[in-house]
1. Over chain B, how many percent of alpha carbon pairs lie in each 5 Å bin up to the one with the longest distance?
2. Once phi is turned into ³J(HN,Hα) by the Karplus curve 6.51 cos²θ - 1.76 cosθ + 1.60 with θ = phi - 60°, what whole-Hz value does each residue of the stretch A:128-138 show in order, with x for glycine and proline?
3. If you line up the Cα atoms of the stretch B:130-283 on their principal axes, what length do they span on each, largest first, in Å?
4. Place +1 on the Cβ of every Lys and Arg and -1 on the Cβ of every Asp and Glu in the protein assembly as shown, take the dipole about the Cα centre, and give the residue among A:Phe334, A:Asn312, B:Ile232 whose Cα lies farthest towards its positive end.
5. Quick one: accessible area per residue over chain B, 1.4 Å probe, rounded to a whole number of Å²?
6. If you build a Gaussian network model of chain A, linking Cα atoms that sit under 10 Å apart, which residue out of A:Pro107, A:Pro153, A:Pro238 swings the most?
7. Can you tell me what share of the DSSP beta bridges in the protein assembly as shown is antiparallel? A percent to the nearest 5 is fine.
8. Quick one: which of B:193-204, A:53-64 comes out on top by average Cβ neighbours within 10 Å, and what's the full order, highest first?
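The values are calculated or read from the model by the stated rules, or taken from the named source; none is laboratory data. Because the structure is a prediction, the values reported are computed rather than measured. Quick reminder, even Gly has a Cβ in these numbers, built from the backbone with ideal geometry, and neighbours come from all protein chains shown. These area figures cover heavy atoms from the full protein model, side chains too; ligands, DNA and RNA do not enter into them. Shrake-Rupley method; radii C 1.70, N 1.55, O 1.52, S 1.80 Å.
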Amino acid sequence: MAGVTLNTVRKTYQGGVEAVKGVSFAVPDGAFCVLVGPSGCGKSTLLRMVAGLERITSGEIAIGDRIVNEIEPAERDIAMVFQNYALYPHMSVYDNIAYGLKNRKTPKDEIDRRVREAAKILAIEPLLDRKPRQLSGGQRQRVAMGRAIVRKPQVFLFDEPLSNLDAKLRVQMRVEIKKLQKAFGITAIYVTHDQVEAMTMSDILVVMNGGEVEQIGTPSEIYRHPATRFVATFIGSPPMNLIPGEMMADGHVRAGEAQFRLPPHPFAPGRAVEVGLRPEDIVLGQSENAFPLKVDFLEELGATQLVYGRLNGAQLIAQVPSGSVAEAGGTLSFGIAAERLHIFDPATGRRAV
Amino acid sequence: MVENRHWFFRLLPHVVLSIGVFIVAFPVYVAFVGSTLDAATIANGQMGLIPGSHMFENYYRTLFVGTAGTTRQPVLAMMLNSFVMAVTIAGGKIIISILSAYAVVYYHFPFRMAAFWLIFVTLMLPVEVRIYPTYKIVADLGMLDTYAGLAVPLIASATGTLLFRQFFMTIPDELMEASQIDGAGPVRFFIDTVLPLSITTIAALFVIQFIYGWNQYLWPLLITTRDSMQTIVIGIKKMIVTQDALTEWQLAMTTAVLAMLPPVAVVILMQKLFVRGLVETEK
Ligand SMILES: Nc1ncnc2c1ncn2[C@@H]1O[C@H](COP(=O)(O)OP(=O)(O)OP(=O)(O)O)[C@@H](O)[C@H]1O
Ligand SMILES: [Mg+2]
């Protein structure tokens with residue numbers, strides 16, 4: 001078993017696209033690391049460099065203690081699950097799973113034992129003689145998993161493996177992948193742009209943007225203390241509200257009609273800031289940090305409802321229990337606990353408090 | 001929709017198709033009838049549309065003895081020559097073009113695109129265009145009147161390379177990457193994945209190239225002089241002499257019918273393979 005370490009890894013494609021701009025982080029042995037970020041931020045590129053499918057322009061990648069920059073994918077002891085599964089269309093499920101072992105000159109009876117064991121774990125034993133095109137999307141996904149687990153590699157790599165499945169199956173497979181990974185204790189790096197997958201699956205969450213790492217941490221750290229404005233709005237649904245404000249002499253932040261009292265902080269009066277409020281932290285009728293909000297319209301989600309309004313010129317969404325607000329048009333008072341406020345520096349986009 | 005149309009419009013396509021089939025099939029039938037008559041009947045101009053009684057005799061003579069006058073070679077030997085030539089051309093083209101397409105698509109070597117365009121340009125150079133220099137080279141290499149001389153100059157062609165390149169580009173890259181991770185090198189990837197996926201394309205190309213090779217006329221005419229190296233297409237031509245009376249028409253007709261059989265057989269056999277290929281493989 002082995003962890004994965006990236007040290008100032010860069011990738012510049014031919015033609016000059018700088019897809020990854022100096023990324024460093026470490027995934028401890030046995031941890032489940034999720035790379036999340038918007039489309040085109042370099043997640044797949046980074047994963048493919050770990051796999052050895054893409055050359056590293058500069059920097060180092062190590063699996064365990066071994067620097068793998070110059071090592072062929074087959075020798076890195078990794079397994080990868082692709083978004084489109086990449087099953088060999090002309091081979092049976094059995095041969096698909098066995099192929100990696102065959103190429104490694106594993107004895108026939110051992111191949112057979114391991115393929116059947118993997119098939120049993122994934123409940124695809126009855127499908128072993130079929131061809132991939134005779135399988136449903138979910139079954140193909142399982143075969144792709146089988147191909148990965150049968151080799152018992154040091155590291156699992158996943159590139160959006162669930163994005164071709166329907167919502168229900170996605171939830172089911174998400175749980176199953178996580179369970180398998182924990183059961184085998186194999187280090188995993190998982191690329192997704194689905195933030196629910198990111199939050200639920202990861203031990204370590206790496207948020208990327210524009211080829212750089214914005215923040216690394218546990219999912220709750222990242223949710224509770226986003227390091228940048230980007231992370232704050234990227235993680236969480238509906239996204240965090242960002243309201244422009246100004247530091248007052250008495251230590252409050254003024255944002256239009258609202259006055260937010262902050263925990264102790266080092267800011268000079270007159271400074272412009274951005275106040276971040278998670279929709280679900282805003283409470284109807286709370287007196288702490290109360291502010292009036294004219295309700296523009298409502299969205300009903302079943303258990304909760306979203307209240308849309310404007311504060312100091314920016315849109316504000318509050319998420320309150322269903323039925324709290326009967327109709328749009330009126331002005332209501334909302335409040336938020338001081339420790340739930342996030343303050344960002346508008347110039348750098350970084351978190352201040 | 002189609003079913004509800006007026007009977008006339010339902011009948012029309014059948015009529016058109018029947019006329020087409022008749023136009024194509026009638027001469028073939030006449031050749032077959034000719035191959036069952038005796039020389040006198042044809043020479044008298046009394047040839048009807050009913051097969052005669054000399055079929056066995058004509059086919060026996062054509063296959064194993066040959067005509068009395070012009071080509072004394074049995075047609076079976078000619079068919080063998082044609083067959084060897086057609087299979088060598090088809091097989092050679094497939095091997096060369098699948099390998100060169102594999103190189104052009106999957107390897108990144110200097111001047112890759114230049115190599116590809118060079119291959120592409122040869123599309124404009126069929127044998128007929130370069131016939132003199134090609135003849136000279138074949139003659140200098142001492143390959144006149146050999147199977148190699150018949151087939152090799154016709155093997156080089158860009159069509160196959162283009163076809164395979166086009167097909168390889170539709171194979172998802174992830175398949176190669178998965179193979180790479182599974183420990184298959186370039187040769188294994190070719191044998192284990194690319195080749196099985198290409199079966200349909202190979203079968204299609206084989207049919208086309210086999211018929212192309214079988215029907216060659218100009219090139220074999222130039223480089224074969226010995227009767228024993230004659231191909232069947234040349235044989236037919238030689239059987240038909242200018243003095244009509246000297247032509248053994250019933251044998252010429254028999255040869256024509258025999259010349260049609262191998263291409264037909266190849267189409268029928270390969271059709272099964274393509275259909276199987278189409279059904280069983282998909283990317
Ligand atoms: N082979 C390539 N050649 C040149 N540029 C590339 C290549 N592959 C990717 N890029 C560029 O590198 C950047 C990062 O791409 P990458 O595929 O890593 O994004 P991603 O984060 O995986 O996005 P997505 O979520 O859409 O899959 C993009 O700007 C992309 O256009
Ligand atoms: Mg991607």
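1. Taking every Cα pair in chain B, the percentages come to 1, 5, 9, 11, 12, 12, 12, 11, 9, 7, 5, 3, 2, 1, 0, 0.
2. Once θ is set to phi - 60°, the couplings for the stretch A:128-138 become 4, 8, 7, 8, x, 6, 8, 10, 7, x, x Hz.
3. Result, largest extent first: 71, 38, 21 Å.
4. Value computed over the given set: B:Ile232.
5. Numbers: 15470 Å² over 283 residues.
On a per-residue basis, chain B sits at 55 Å².
6. Its mean-square fluctuation being the largest, the pick is A:Pro107.
7. Numbers: 54 of 72 bridges.
Within the protein assembly as shown, antiparallel bridges account for around 75 percent of the total.
8. Numbers: B:193-204: 19.5, A:53-64: 16.8.
Per-residue mean Cβ counts within 10 Å order the peptides as B:193-204, A:53-64.
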